[in-house]
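Everything below concerns the one structure shown next.
The values are calculated or read from the model by the stated rules, or taken from the named source; none is laboratory data. This structure is a prediction, so every number in the text was calculated from the model and none was measured. When we count neighbours, we look across all protein chains shown, and the Cβ atoms used for this are built from the backbone with ideal geometry, even at glycine. Side chains are part of the model used for accessible areas, which takes the heavy atoms of the whole protein and leaves out ligands, DNA and RNA. Shrake-Rupley method; radii C 1.70, N 1.55, O 1.52, S 1.80 Å.
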Amino acid sequence: MNELVLALAVNGLVWGLIVALIALGLSIIFGLLDVINVAHGDFFMLGTVGGLVVATSTGSFWIALAIVPLIGLILGAVIERLVIRPTLRQASLTIVTTFGLSMIIQEVVRATYGAQPRRMAAPIDGTIPLFGINYEIYRIAAAAFAALFLIAFFLFLNRTKLGTWIRAVRHDPETATSLGIPVTLVTAFTFALGTAMALLGGVIAAPITTVDFRSGVDILPVCFMAVIIGGLGNLQGTVAAAIMLAVLEGVVTSFVDPTTARIASLVIMSVALLVRPHGLFAGATR
Amino acid sequence: MTGHAGKGPRMTGRITRRSFLNTALAGGAAYVTLARDMSAFAQAGPIIIGHHCELTGGFASWGYWHNKCALAATKLINEGGGIGGRKLELVTEDTESHPATGVRKLRSLVQRNNASFVTGSVHSGVMLASIPVATELKTVYFSTGEATEATSDKGTRYSFRTGTDTYGLAAAGAPWAYANLGKRWTIISPDYAWGHSHYKEHKAIIERLGGKVNDPIFVPLDAKDLVPYLSKIPQDTEVLFSVFFGALSVAFYTQAKSMGLEKTMKMYSVSGTIEAIAPADLKGAAEGVYIVENFPRMVKYKDDAFHRQFIKLIGTDDVDGRETDSNRVNAKSHSWQSYENLFALKKAIEASGWKTKKDDKAVIEALEGLQMENSIGFPQGSKILRKEDHSGMIDCYISRVENNELHVKKKVTKEELMAQLPPRVDLSKEAL
């Protein structure tokens, strides 16, 4: 039992890092733009589909890993201009518009790519023994990619001029404008960056899960939980909460049945929110 | 003008008894003729059958094929003269793979589109939510899903199913799997009615045969990472029975393979787990899995003219059931029902002389115990719609994925199946 607890804790950490990458995209879009992006899960789905399409046509997963997030950047910029900008700073309206966007994305993928779920082969084969179970090497690699991108993101946000502009626009858009920061451009880039992170998470997760036009529907609630529990708009808090949620559910699963584990982790998080209604890490960074 | 009208003969003539009788008789004759013509026109009008189908949502990859099969059957029936000389008009509504929407769409089919019969959903949740509504609307409803309740304790005189259910699939496959694959079983399935129903039916058979069934592992429907659940499978498991559909199936095969489970236990499943998915598309992850099919994916295992004509009609190949002009794969073990149900209704309508909804009782009586012979109308094979529980008794096939193809290892005939499958209810005794 002890071995199983450790194995599931490690697996929770691995899966949590991947979820953190996706949730972070949602968090920057909400935290910096006040957009409640209900279509974020569908951007993840586009990452899985795009990853499979590019990997199949080029024969290389690594090319997909490089190209698909760039496509996500362009797609995000276009969507920001056409869909988000007309409703910017009106959080309730963004729910409606991104819900419509979500349906459109799903149906376009279903109508063009098809409804049949598909498998994407992992680029790294093999397993290693891990606390009594055979653990897929690719999962460890995927977690490492995710961790690497997370570190790169925070370095970008804190050490570059564009990152400083993003933080400045979030803090006070009017003052940022008066200081000559191109707020409209920064806003568009922020949304594009969040979109690209979801697509990147999709490419990384595709060999572990499934390529399917509805795969975004299931990932979205987990991402929202991480964003809320981490403290709305708190980027470091989102990452920590995503990892905590996955580890907690993994560990609880080793003691009780899966559904009870899901309920238990939700109850624990609900209690945590009752105690700290603005999230576990509220106020740390916004 | 007034004066001119006043000079007319009808205005000046008095109504006599003779003229009154003449007018009344002429009017009556005209009325009878018109009414007879209108009635004849009504009878010559189309027979409307509703199709309650999962075109979008979680079952969309199956619904595409149910729709295609129903359209192919409609075309064939109309080219052959329709039903009792009347055109068949198929009206399709999308349930969106959602029970509440499904119920709303069923009401729309019957109350707005005037569907006289409905061939229905493959989604167990939609199907079970729809049967009470179809019964309330006094409309014959064919379901195509597998939850056994549709033709047992939640079934009614109006609910029928030509395919198998969890009860039938357990009876068809579990004894063979127990004898040939192993005695100690673990069941992993989604945490909803379909999975629970499979667990209950299989556990009963395996324990009756003397085997051991470990505690089930029910996976939340929204799970993406299955490792926490797969790692709970006891290591003494000889047979891992998995019941998933769609995206969860792919996730299961992918992650089970990556953990090497197939090296220590036999993998056994039902057709729903690999419906609309070609083994080749799983890139080897399903290799070696045993699957109970209702209609062999490879034509060579039921190699006759009707099967070949059927796959030509719906445009698929003879190995994977893949669409000839796309990558889609037929959900063949289920979608045939949407095709054959229309022919079953045609047979019952013509045998009973049904004309309007008033004759529904005769159609229901004709469907109860309906014999269907292997033909282009029933390409899955000969079958009977059992009178007592309204369930189809059909041939089943236990296949194994070998070299990315589904090869049949054992055919379970409908007679063998019926011997294992006593009816649990007698719906035919319900009053209409």
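Evaluated against (1) surrounded by 14 or more Cβ atoms within 10 Å (Cβ to Cβ); (2) away from every other protein chain (no Cβ under 14 Å), A:ARG119 falls short on exactly one condition, (2).
Output the residues belonging to region A:161-203 that are among the β-branched types (Val, Ile, Thr) and open to solvent by 50 Å² or more (accessible area, probe 1.4 Å). Spell out the reasoning first.
Step one: list which residues in region A:161-203 are among the β-branched types (Val, Ile, Thr), which gives A:164, A:166, A:169, A:175, A:177, A:181, A:183-184, A:186-187, A:190, A:195, A:203.
Listed by number, the residues that qualify are A:THR164, A:THR175, A:THR177, A:THR184.
In region B:247-262, what residues are hydrophobic (A, V, I, L, M, F, W, C), surrounded by 23 or more Cβ atoms within 10 Å (Cβ to Cβ) and at the interface with another protein chain (Cβ under 7 Å from one of its Cβ atoms)? The answer is B:ALA247, B:VAL250, B:ALA251.
Conditions (1) assigned to a loop (DSSP other than H, G, I, E, B); (2) in the same structural domain as B:HIS66 (by TED's automatic domain parsing); (3) open to solvent by less than 10 Å² (accessible area, probe 1.4 Å), marked per residue:
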{"position": "B:SER269", "(1), (2), (3)": "no, no, yes"}
{"position": "B:ALA276", "(1), (2), (3)": "yes, no, yes"}
{"position": "B:GLY288", "(1), (2), (3)": "yes, no, no"}
{"position": "B:GLN309", "(1), (2), (3)": "no, no, no"}
{"position": "B:ASP320", "(1), (2), (3)": "yes, no, no"}
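Among the residues of region B:153-198, which ones are part of a helix (DSSP H, G or I), open to solvent by 40 Å² or more (accessible area, probe 1.4 Å) and over 30 Å from B:LEU370 (Cβ atoms)?
The first filter runs over region B:153-198 and keeps only residues part of a helix (DSSP H, G or I), leaving B:166-180, B:193-198.
Filter once more, keeping what is open to solvent by 40 Å² or more (accessible area, probe 1.4 Å): B:176, B:179-180, B:193, B:196.
If the condition is that a residue be part of a helix (DSSP H, G or I), open to solvent by 40 Å² or more (accessible area, probe 1.4 Å) and over 30 Å from B:LEU370 (Cβ atoms), then B:ALA179, B:ASN180, B:HIS196 are the ones that fit.
Do we find that B:SER428 is in contact with a Lys or Arg (Cβ under 6 Å, 6 or more places away or on another chain), open to solvent by 10 Å² or more (accessible area, probe 1.4 Å) and either small (Gly, Ala, Ser) or not in a strand (DSSP E or B) (or both) in this structure? It is true that B:SER428 is in contact with a Lys or Arg (Cβ under 6 Å, 6 or more places away or on another chain), open to solvent by 10 Å² or more (accessible area, probe 1.4 Å) and either small (Gly, Ala, Ser) or not in a strand (DSSP E or B) (or both).
Results for (1) assigned to a helix (DSSP H, G or I); (2) closer than 24 Å to B:VAL319 by Cβ, shown as yes or no for each residue.
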residue	(1), (2)
B:LYS355	no, no
B:LYS361	yes, no
B:ASN374	no, yes
B:GLY381	no, yes
B:ASP389	no, no
B:ARG400	no, yes
B:LYS411	no, yes
B:LEU417	yes, no
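Here B:GLU149, B:GLU96 are screened, and the one residue that is of a type in the set (Asp, Glu) and part of a loop (DSSP other than H, G, I, E, B) is B:GLU96. When A:GLY233 is tested against the conditions (1) away from every other protein chain (no Cβ under 14 Å); (2) surrounded by fewer than 22 Cβ atoms within 10 Å (Cβ to Cβ); (3) over 16 Å from the mean Cα position of the chain (by Cα), the lone failure is (3). Of all residues in region A:194-223, those that are facing another protein chain (nearest Cβ under 7 Å) have Cβ atoms under 7 Å from Cβ atoms of residues that are β-branched (Val, Ile, Thr), 6 or more apart or on another chain, in A:THR210/B:VAL250; A:SER215/A:THR48; A:SER215/A:THR209; A:ILE219/A:ILE22. In summary, A:ILE71 fulfils each of the numbered conditions (1) within 13 Å of chain B (Cβ to nearest Cβ); (2) part of a helix (DSSP H, G or I) with the single exception of condition (1).
For region B:290-301, filtering for residues that are touching a Phe, Trp or Tyr at 6+ places or on another chain (Cβ under 7 Å), closer than 20 Å to B:ASP317 by Cα and either free of Cβ contacts under 8 Å to residues at least 60 places away in the same chain or not in a helix (DSSP H, G or I) (or both) leaves 3. Against the numbered list (1) free of Cβ contacts under 8 Å to residues at least 24 places away in the same chain; (2) within 14 Å of chain A (Cβ to nearest Cβ); (3) assigned to a helix (DSSP H, G or I), B:LYS203 comes up short only at (2).
Screening B:PHE244 with (1) touching a helix residue (DSSP H, G or I) at 6+ places or on another chain (Cβ under 8 Å); (2) closer than 24 Å to A:GLY132 by Cα; (3) in a loop (DSSP other than H, G, I, E, B); (4) open to solvent by less than 10 Å² (accessible area, probe 1.4 Å) gives one miss only, at (2). Here B:THR74 does not fit the description of being in contact with a Ser or Thr (Cβ under 9 Å, 6 or more places away or on another chain) and either modelled with pLDDT of 95 or more or closer than 23 Å to B:ASN330 by Cβ (or both). Taking first residues from region B:49-61 that are under 17 Å from A:PHE213 (Cβ atoms) and partners that are of a type in the set (Val, Ile, Thr), the Cβ contacts under 6 Å between residues at least 6 apart in sequence or on separate chains come to B:GLU54/B:THR95.
Being open to solvent by 20 Å² or more (accessible area, probe 1.4 Å) and at the interface with chain A (Cβ under 10 Å from one of its Cβ atoms) holds for only one residue in B:ASP236, B:ASP222, and it is B:ASP222. Looking across region A:263-279 at every residue that is surrounded by fewer than 20 Cβ atoms within 10 Å (Cβ to Cβ) and either within 13 Å of chain B (Cβ to nearest Cβ) or of a type in the set (Val, Ile, Thr) (or both), the one that is nearest to the chain's Cα centre (by Cα) is identified as A:LEU266. Can you confirm whether region B:292-310 contains a residue that is away from chain A (no Cβ under 13 Å), acidic (Asp, Glu), within 22 Å of B:ILE206 (Cβ to Cβ) and in contact with a helix residue (DSSP H, G or I) (Cβ under 6 Å, 6 or more places away or on another chain)? Yes, region B:292-310 contains at least one residue that is away from chain A (no Cβ under 13 Å), acidic (Asp, Glu), within 22 Å of B:ILE206 (Cβ to Cβ) and in contact with a helix residue (DSSP H, G or I) (Cβ under 6 Å, 6 or more places away or on another chain). Checking each residue of region A:103-116 against the condition of being open to solvent by less than 60 Å² (accessible area, probe 1.4 Å) and closer than 20 Å to A:LEU21 by Cα gives no match.
When B:GLY63, B:GLY50, B:GLY45 are checked against the criterion of being within 14 Å of another protein chain (Cβ to nearest Cβ) and either among the small types (Gly, Ala, Ser) or crowded, with 18+ Cβ neighbours inside 10 Å (or both), B:GLY63 stands alone in meeting it.
A:ASP34 meets each of the listed conditions (1) free of Cβ contacts under 8 Å to residues at least 60 places away in the same chain; (2) away from every other protein chain (no Cβ under 14 Å) apart from (1). Among residues of region A:1-24 that are more than 9 Å from chain B (Cβ to nearest Cβ), those with a Cβ under 6 angstrom from a residue that is surrounded by fewer than 17 Cβ atoms within 10 Å (Cβ to Cβ) and of a type in the set (Phe, Trp, Tyr), sequence gap 6+ or separate chain, pair up as A:GLU3/A:PHE131; A:LEU6/A:PHE131.
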